[in-house]
Amino acid sequence: MGVFAASDIVEVAIRIEENGVNFYKFAEQITKQQEAKELFAHLAQEEIKHKKIFENMFAKMEKANTPESYEGEYSAYLRSYVDNNIIFAKEAMDKELTKVTDTIAAFDFAIRRELDSILYYHEIKQLVPSAQHNAIEQIIKEERKHYSILTEMKKRFTK
């Protein structure tokens with residue numbers, strides 16, 4: 001089993017945010033309600049910001065040229081976590097998106113995605129240099145906020 005480096009972990013985070021941007025742009029297209037359209041457009045912008053934060057982290061790690069790496073068991077765990085998690089795999093995401101045909105389905109998908117992201121970012125916080133912890137905490141906080149906004153607005157549309 002190969003070595004899994006901290007920079008790999010951040011690269012996955014960049015992919016998560018890219019998937020998020022693409023999904024929210026898609027959700028904005030399919031929803032008819034103005035309020036939901038605006039929320040999805042806003043969330044796409046937020047994910048772009050997160051992606052930039054992770055890209056900066058990644059750039060710093062690359063320059064440092066000493067990414068922490070994880071041998072063996074833990075590396076295998078991370079790799080399978082990444083491989084099996086729906087939010088990472090483009091094919092899985094595309095398949096899942098074919099089921100998102102209305103606003104409620106878009107909310108459901110977005111809510112799951114935010115939760116998955118939060119879980120992943122909690123996992124990786126232990127794995128990146130401690131100098132990056134605050135940035136990751138900040139992103140977790142924002143993803144939690146997204147989750148709350150999405151669940152609140154979904155309630156309004158399901159009455």
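The values are calculated or read from the model by the stated rules, or taken from the named source; none is laboratory data. The shown structure was predicted, so the numbers you read here are calculated from the model rather than taken from an experiment. Using ideal geometry, Cβ is built from the backbone for each residue, glycine included, and neighbour counts are taken over all protein chains shown. For the accessible areas, the whole protein counts, side chains as well, though only heavy atoms, and no ligand, DNA or RNA atoms are used. Shrake-Rupley method; radii C 1.70, N 1.55, O 1.52, S 1.80 Å.
Before moving on, here are some points about what is shown:
- Listed by first and then second residue, the pairs linking a residue in region 124-143 that is under 25 Å from ILE111 (Cβ atoms) to a residue that is loosely packed, with under 14 Cβ neighbours inside 10 Å, with Cβ atoms under 7 Å apart and 6 or more places separating them unless they lie on different chains, are LYS125/HIS133; ILE140/HIS122.
- Residues of region 19-54 classified as acidic (Asp, Glu) and surrounded by fewer than 15 Cβ atoms within 10 Å (Cβ to Cβ), total: 2
Conditions (1) open to solvent by 40 Å² or more (accessible area, probe 1.4 Å); (2) more than 25 Å from ALA27 (Cβ to Cβ), marked per residue:
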| site | (1), (2) |
| --- | --- |
| LYS95 | yes, no |
| THR103 | no, no |
| ALA106 | no, no |
| ASP116 | no, no |
| HIS122 | yes, no |
| SER130 | yes, yes |
| GLU142 | yes, no |
| SER148 | yes, no |
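- Helices (runs of 4 or more DSSP H) wholly inside region 80-159 containing at least 3 residues that are at pLDDT below 80: 90-97
- Any chance PHE40 is at pLDDT below 95 and either of a type in the set (Phe, Trp, Tyr) or farther than 15 Å from HIS146 by Cβ (or both): no
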